[in-house]
Amino acid sequence: MHKLSILLFLVAGAFALSFQSAPDAGGYQIGDTAEDFNLPSVKGKNVSMASIKNAKGYVVIFTCNHCPYAKAYEQRIIELHKKYAPLGFSVLAISPNDPKIQPDDSFDKMKKLAKMKKYPFAYLFDETQDVAKAFGATRTPHVYVLDQNRVVRYIGALDDNSEDAAKVKEPYASQAIEALLAGKEVPVKETKAIGCSIKWKKS
Amino acid sequence: MRHFFLFFLLILTLSLSAQEIPIIQKEDFKQWLEADNDTLYVLNFWATWCGPCVAELPAFEKIHERYADQKVKVILISTDFRRNLDTQVKRFVRRKKLQSQVMFINEPNPNDWINWIDPDWTGAIPATLIISKRNGHRFFIEKAMTFNQLEEKIRTFLP
């Protein structure tokens, strides 16, 4: 009787696993289900996607203190969270850089910046860089919009004009969130943008 | 005597002024991507604020110095913000006395042209494309390169 239970358990497990979309070697693609993470935030507690209450989706943004592109987008990221968190789409900002290579991106400096600029969103430290690798992030900022089931529905730039917020014509990330809120297809699923390369740890 | 002085000033000014930095748009990439000549183009995408980009520039300068007469054309394409072109970028080029051709890509939405350089390029800099369409040579990397890596690659493409 025991052997049969174990066998059934294994078969059930294999069956369940076959429904997961594993990430590509290069990170998540559109349609992949992202694994949840559990990272320390600048406010002192750990944050995971599961810990977000009433989530209708998630906006995971790899960003950092030092990069001029990240700085250019800082205010827009704050505004994105303020607009969409109440509607169920919170921003989860993750800093993936190795502070040994870029000291301005240390956890201490992250805490200082978040406090000074009054970040309304979670600002998390990906110390092992495992989350950045799982997502396949390559630069900062790098935006991933996930739906309620953590399926990746948009990857890329926040909008089409990093230098000048006033000249933005296509707010790609907002468009993706609005589409998901309306139960519609995301119009532009992937975009590319120039950004600072992620400072990977030297092995 | 006065004419000589003015002439001297003119020569001095000309010798001190840095290279012109042409502002290009995405259509301009076609002249290198689709060129029907024997030149091997080395397109390097960089920015003044990008540490690894600045660190690898001397390697490109050395390639320019050694291979310019062998139909290898190095083009350093700055992706800085437009508002910093006349200040940060020009100052940087002047201070570093860059000899390779520097150009400035003036396109607000990189999503329009990143895939033209390489469909696998995610947009991180530094990035380098080495190409000669006529001779079927193509190499792209989304990472900094050392002088040895650059030279080795270029030499495999030279006749």
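Left without a cysteine partner by the 4.7 Å Cβ rule in the protein assembly as shown: A:Cys64. For the stretch A:181-197, backbone phi angles converted through the Karplus equation (6.51, -1.76, 1.60; θ = phi - 60°) give residue-by-residue couplings of 5, 8, x, 9, 6, 5, x, 10, 8, 9, 9, 10, 8, 6, x, 6, 5 Hz, Gly and Pro being listed as x.
The mean count of C-beta atoms from other chains within 10 Å of the C-beta of residues in B:99-111, rounded to a whole number, is 3. In terms of the mean number of neighbouring beta-carbon atoms within 10 Å, the peptides A:99-106, A:189-196 order highest first as A:189-196, A:99-106. Which whole-Hz ³J(HN,Hα) couplings does the stretch A:42-55 yield from phi under the Karplus relation 6.51 cos²θ - 1.76 cosθ + 1.60, θ = phi - 60°, glycine and proline marked x? Per-residue couplings from phi come out as 5, 8, x, 9, 8, 10, 10, 5, 4, 7, 7, 7, 6, 6 Hz. Between B:Leu6 and B:His137, take the C-beta separation as r, use R0 = 45 Å, and let me know the FRET efficiency to the nearest 0.05. Efficiency at R0 = 45 Å is approximately 0.35.
Across the stretch A:59-203, Cα-Cα pairs farther apart than 22 Å form 35% of the total.
Look at the stretch A:127-139: the mean tally of other chain Cβ atoms within 10 Å of its residues' Cβ atoms is 1. The distance linking the stretch A:112-162 with the stretch B:94-129 is 24 Å (Cα centroid to Cα centroid, whole angstrom). Per-residue mean of foreign Cβ neighbours for A:187-196 is 6 (Cβ atoms of other chains, 10 Å radius).
The A:Lys43 and A:Asp130 beta-carbon pair, evaluated with R₀ = 22 Å, returns a calculated FRET efficiency of approximately 0.55. Fully extending the segment from B:Leu33 to B:Glu151 would add 40.4 nm, taking 0.36 nm per residue of separation and subtracting the current Cα-Cα distance.
Kindly express, to the nearest 10 degrees and within the range 0 to 90, the angle between helix B:51-67's C-alpha long axis and the longest C-alpha principal axis of chain B. Tilt relative to chain B: about 80 degrees. Every Cα-Cα pair of the stretch B:19-157 was included, and the share exceeding 25 Å stands at 19 percent. The angle between the Cα long axis of helix A:107-116 and the main principal axis of chain A comes to about 60°, on a 0 to 90 degree scale.
Here, each number is a calculation from the coordinates, and none is a lab measurement. Keep in mind that this is a model prediction, so the values were computed, not measured. In this analysis, Cβ positions are derived from the backbone assuming ideal geometry, glycine residues included, and neighbour counts consider all displayed protein chains.
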